[in-house]
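Colleague: Quick one: the structure is below, and I'll ask about it shortly.
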Amino acid sequence: MTDHQDVRPGSTTAAPVVVELANVTKAFGAVQAVRGVTLRVEPGQVYGLLGPNGAGKTTLMRILLGLVRSDAGTVRVLGEPPGDPRTLRRIGALIESPAFVPHLSGRVNLQVLARARGLPDAEVDRVLRVVDLEGAADRRVTGYSLGMRQRLGVAGALLGEPSLLILDEPTNGLDPEGTAAMRSLIRDMAAHATVLLSSHLLGEIQQVCDRVVVLDKGEVVAEDSVSELLSRAGERTVVLEAQPADLTEKVLKANDAWSGATRDDSSWRLELDGAGVPALVRALVEAGVEVHEVRRERRSLEEVFFALTGDHHPVRSGT
Ligand SMILES: Nc1ncnc2c1ncn2[C@@H]1O[C@H](COP(=O)(O)OP(=O)(O)OP(=O)(O)O)[C@@H](O)[C@H]1O
Ligand SMILES: [Mg+2]
């Protein structure tokens, strides 16, 4: 998704980094909501903020919109300090549950937002089409389902074709079908905008984001591309199926593979880096061990998350 524009600092032709945070902190009284967060979001990325309840996701998004002031650190959004009126016009946001006037229709609610920003009603029609809400547009919002409200919120964020979309848990409360539809909507949006998206649903981040920061209690515990994060997490664990067990054990002990090895019947889990695998397989075969399978273990983002943050958080895997 990343386009390959020159983003080197100081380069005059550089497309600015869309979001840049350096050592950002924020406390609410005694609660340290954000602790020294540093990250960069490049143009065209779908960037995920992943973390359990209270991790600081919403607070970070509020900071980017200038709704909350950070205590320390530097924040740049589209090259400017947060809350800059010129850049705010280029940002669409959906933070927590979208607020609408309940007795007005979805269309009128959007028209109010659009007119306040000098946008024509045709723009309202456009965003209603994008979120597939044309059929319900003239019904009162009070009769909308949670999923319809969520889509209306996204429609509001899309007004004026923003170049940065900030979506706080956009699939909150959606059923699997609605979640899938939202996912493909986000993918479509990413063709025209940079998307910053928060979630505690790991499956969602895994499927829709290019890059992810994992937050826990306000702190960055990992920042990487989704594929790197997944492969890094499975990097050292190798599963070996081999027989007979006693002979296998003897060879493992004679090689460096013994340290940290665990066994379940004829299946072994070993901690080995890439170079160790061929040497071990050769030693096993030479000793007369029957090697049935050797594979590197791949962990889901959920397991990676638990490994990074401890397993006491109420995080569930999305579908
Ligand atoms: N306005 C506020 N006043 C006091 N404390 C706050 C305020 N906003 C956030 N906090 C605290 O800051 C921490 C981070 O909250 P935040 O809402 O950013 O987390 P989150 O990652 O969005 O969580 P969730 O997944 O539940 O939405 C929490 O401990 C929260 O209680
Ligand atoms: Mg939140």
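Colleague: What does the convex hull of the Cα atoms come to per residue for the stretch 44-100, in Å³?
Modeller: Per-residue hull volume (Cα only) is 121 Å³.
Colleague: Can I get the semi-axes of the stretch 133-252's equivalent ellipsoid? Compute them from the C-alpha gyration tensor as square roots of 5 times the eigenvalues, in angstrom, largest first.
Modeller: 42, 17, 12
Colleague: Let me make sure I get this right: for the stretch 78-126, a, b and c are the square roots of the gyration tensor eigenvalues over alpha carbons, sorted descending. Under 1.5 in a/c it's rounded, otherwise prolate if a/b > b/c, else oblate. Which is it?
Modeller: Verdict is oblate for the stretch 78-126.
Colleague: In percent, what relative contact order does the chain have, based on Cα pairs under 8 Å that are 6 or more apart in sequence?
Modeller: 19 percent
Colleague: For Val31, Val213, what's the fewest-to-most ordering of other Cβ within 10 Å of each Cβ? It would help to have the intermediate numbers written out before the result.
Modeller: On the way: Val31 12, Val213 28.
In increasing order of surrounding Cβ atoms, one gets Val31, Val213.
Colleague: Moving on to the next point. Counting only DSSP beta bridges with both residues in the chain, what percent are antiparallel, rounded to the nearest 5?
Modeller: 65 percent
Colleague: Would you mind classifying the stretch 261-310 by shape? Square roots of the alpha carbon gyration tensor eigenvalues, ordered a ≥ b ≥ c; an a/c under 1.5 is rounded, otherwise it is prolate if a/b is larger than b/c and oblate if not.
Modeller: Numbers: a/c = 3.07, a/b = 2.15, b/c = 1.43.
Prolate.
Colleague: A further question follows. For the chain, taking Cα atoms only, what is the radius of gyration to one decimal and the Dmax to the nearest whole Å?
Modeller: Considering the chain through its Cα atoms, Rg and Dmax are 24.2, 78 Å.
Colleague: Under a straight-distance cross-link criterion of Cα-Cα below 16 Å, which lysines are reachable from Lys26, leaving out those fewer than 8 residues away in the same chain?
Modeller: Within the straight-line limit of under 16 Å, Lys26 reaches these lysines: Lys57, Lys217.
Colleague: Between rounded, prolate and oblate, where does the stretch 235-296 land on the alpha carbon gyration tensor, with a ≥ b ≥ c its root eigenvalues, rounded for a/c under 1.5, else prolate if a/b exceeds b/c? Walk me through the numbers before you get to the answer.
Modeller: Numbers: a/c = 1.40, a/b = 1.21, b/c = 1.16.
Verdict is rounded for the stretch 235-296.
A short reminder: the numbers here are calculations on the coordinates, not readings from a lab. Note that the structure is a prediction, hence the values are computed from the model and not measured. FYI the Cβ positions are ideal-geometry reconstructions off the backbone, even for glycines, and counts take in every protein chain you see.
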